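Please read the structure below before turning to the comments.
The values are calculated or read from the model by the stated rules, or taken from the named source; none is laboratory data. The structure presented is a predicted model; accordingly, all values stated were derived computationally and were not measured. Here the Cβ is made from the backbone with ideal geometry for all residues, glycine too, and neighbour counts use every protein chain on show. The area values use the complete protein model at the heavy-atom level, side chains included, leaving out ligands, DNA and RNA. Shrake-Rupley method; radii C 1.70, N 1.55, O 1.52, S 1.80 Å.
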Amino acid sequence: MLIAPPSQDPSPEALEQPVRPSAPISRPTPNPQSQPLTEKNSPQPHPSHTGVVRRIVPVGEEKLVALTFDDGPWPDTLAVLEVLRQYGVKATFFWVGLHLQKRPEIAVQVVAEGHAIGNHSWSHRNTPMTPEEAGEEIERTAALIRHTTGLSTSLFRPPGGRLHNGLADYALQQGYTVVQWSVLSKDTEPLEALTIADNVLQGVQSGSIVLLHDGGGDRSKTVEALHTILPALQAQGYRFATVPELLESNRAAVPKAHAN
Ligand SMILES: [Zn+2]
């Protein structure tokens, strides 16, 4: 098995077999338990491996795409926020507890600017662990997120996208939605900004979840790529949604279908 360095997310090809097909969530859903949960305090414990999402196709006509930024809060987060603000874009940030502990003021700014947040473990460890260790990784970060921002998040992204080291299982049992991605920017690789932008623009379709990084290293190329990505997708008619908005857009059909 490939072990990624701590702040790198490998390409999906390097990952273990996904537990859920990469196909979009379809409607109608025969098994209600396969619907993504957005409420952390769901009444039923979430059955293992049913709440993993990679792409979430909106029900309506609107073209939506969700940008996700991993491994912050980080000094480069501020530059990412500035570009997002410039284009009126909301995104979703998955935080590493250790990084959050060092830069709480940046986390507060992310939330204040209207972005969504998720849990990306405490230490970014992605080797196999016991349920107790997995619980520590997730709960410690969740507690610090609550302490820092006053918010609870129902979103978890496993470091490296790894689904079989105990972390995702623990998160699913606790009712989290495990958020993977369908488009890889490869912005942790030594690529030019235009190549990073091209990776995103070539891959995006409606409901895509795009993996980017605001933390874990020098993210100036990511910031530069955003100056290409954001106007290009807006020109193609996309609206940028947070992951919670994307989940909601997929659920919106249920009451409508009943009303008809
Ligand atoms: Zn990561």
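Structure above, values below:
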read-out: Value of Rg/Rh across the stretch 135-239 [Cα atoms, Kirkwood radius]; value: 1.03
read-out: Three-way shape call for the stretch 65-174 based on the alpha-carbon gyration tensor, with the a/c threshold at 1.5; value: prolate
read-out: Solvent-accessible area per residue for the stretch 61-259 (1.4 angstrom probe, square angstrom); value: 37
read-out: Ranked packing of 93-102, 196-205, most packed first, by mean Cβ within 10 Å; value: 93-102, 196-205
read-out: Overall form of the stretch 61-259 per C-alpha gyration tensor (a/c, 1.5; a/b vs b/c); value: oblate
read-out: Kirkwood Rh in Å, taken over the stretch 171-225 so that all alpha-carbon pairs contribute; value: 12.3
read-out: Percentage relative contact order, the stretch 61-259, counting C-alpha pairs under 8 Å, at least six apart; value: 31
read-out: Spin-label model distance (nm) - Ala112 vs Leu194, 7 Å beyond Cα toward Cβ; value: 3.8
read-out: Gly118 long-range amide H proximity, modeled H, under 5 Å; value: Phe93, Phe94, Trp95
